[in-house]
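The values are calculated or read from the model by the stated rules, or taken from the named source; none is laboratory data. Keep in mind that this is a model prediction, so the values were computed, not measured. Positions of Cβ are backbone-derived with ideal geometry, glycine not excepted, and every protein chain shown enters the neighbour counts. Remember, those area values only see protein heavy atoms, side chains included, never the ligands or the DNA or RNA. Shrake-Rupley method; radii C 1.70, N 1.55, O 1.52, S 1.80 Å.
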Amino acid sequence: MERSASLRTTASVSTVLRYVSELHEYPQWMPLVHSATSETSSTPPAWLVELRARVGPFARSKRLRMVRSVMQVDAASHGTDTPSLARIVFERRELDGRAHAKWQLAVTVSPIASGAELTMHLSYDGRFFVGIVESILRQHIDEGRQKLGELLAA
């Protein structure tokens, strides 16, 4: 499964990065992410993430260990420390030695004339989100985009 979503905001690239570069920030704006706890001693940075989706009276959850494998922030070309472009990749890396479904979230934050554009691309090759649950995922993405937009506008 491949899903992409974008958000344009008047917030700066650095402001957007505050909400998307650390997974423990996601539960405040992405309803699919029930919890994300930092592993304080992990290099590269890692989080224990619980995803939770509800379909009517039923709920399903999935726990993942996600690592930030890429954190590339380019400074603006005019010589300041203000980010002009950022690319972040989170991917599943469990420590149990077993083979697991691939989860990867690629995040790009780029400047636009009036603020920043955030694009997120989720890749998943397992069975957790199939059929009707995919529509629930779309709903969570829409809700998350709205909540993040509100946080960025505040």
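Suppose the filter is of a type in the set (Lys, Arg) and modelled with pLDDT under 95; does Arg8 pass it? It is false that Arg8 is of a type in the set (Lys, Arg) and modelled with pLDDT under 95. Just so you know, in the range 69-88 the residues that are surrounded by 13 or more Cβ atoms within 10 Å (Cβ to Cβ), over 19 Å from His24 (Cα atoms) and small (Gly, Ala, Ser) include one that is modelled with the highest pLDDT, and it is Ser84. Take the range 12-23 and flag every residue that is open to solvent by 10 Å² or more (accessible area, probe 1.4 Å), more than 21 Å from Arg138 (Cα to Cα) and either in contact with a strand residue (DSSP E or B) (Cβ under 8 Å, 6 or more places away or on another chain) or in a strand (DSSP E or B) (or both). Across the range 12-23, the qualifying residues are Ser12, Ser14, Thr15, Leu17, Ser21, Glu22. Pairs are defined by a Cβ separation below 7 Å, a sequence spacing of at least 6 or placement on different chains, a first member in the range 36-61 that is part of a loop (DSSP other than H, G, I, E, B), and a second member that is of a type in the set (Phe, Trp, Tyr) and open to solvent by 50 Å² or more (accessible area, probe 1.4 Å); no pair meets this definition. Which count do you get for residues in the range 32-60 that are within 23 Å of Leu151 (Cα to Cα), open to solvent by less than 50 Å² (accessible area, probe 1.4 Å) and modelled with pLDDT of 95 or more? Residues that pass the stated criteria total 6.
Can you name every residue in the range 133-148 that is open to solvent by less than 20 Å² (accessible area, probe 1.4 Å) and either at pLDDT 95 or above or within 15 Å of Tyr19 (Cβ to Cβ) (or both)?
Residues satisfying the conditions are Gly144, Leu148.
Among the residues of the range 110-132, those that are touching a strand residue (DSSP E or B) at 6+ places or on another chain (Cβ under 6 Å) and modelled with pLDDT under 90 comprise Tyr124, Phe128. Considering the conditions (1) surrounded by 14 or more Cβ atoms within 10 Å (Cβ to Cβ); (2) in contact (Cβ under 8 Å) with a residue 60 or more places away in the chain, Glu91 is excluded by exactly one of them, (2).
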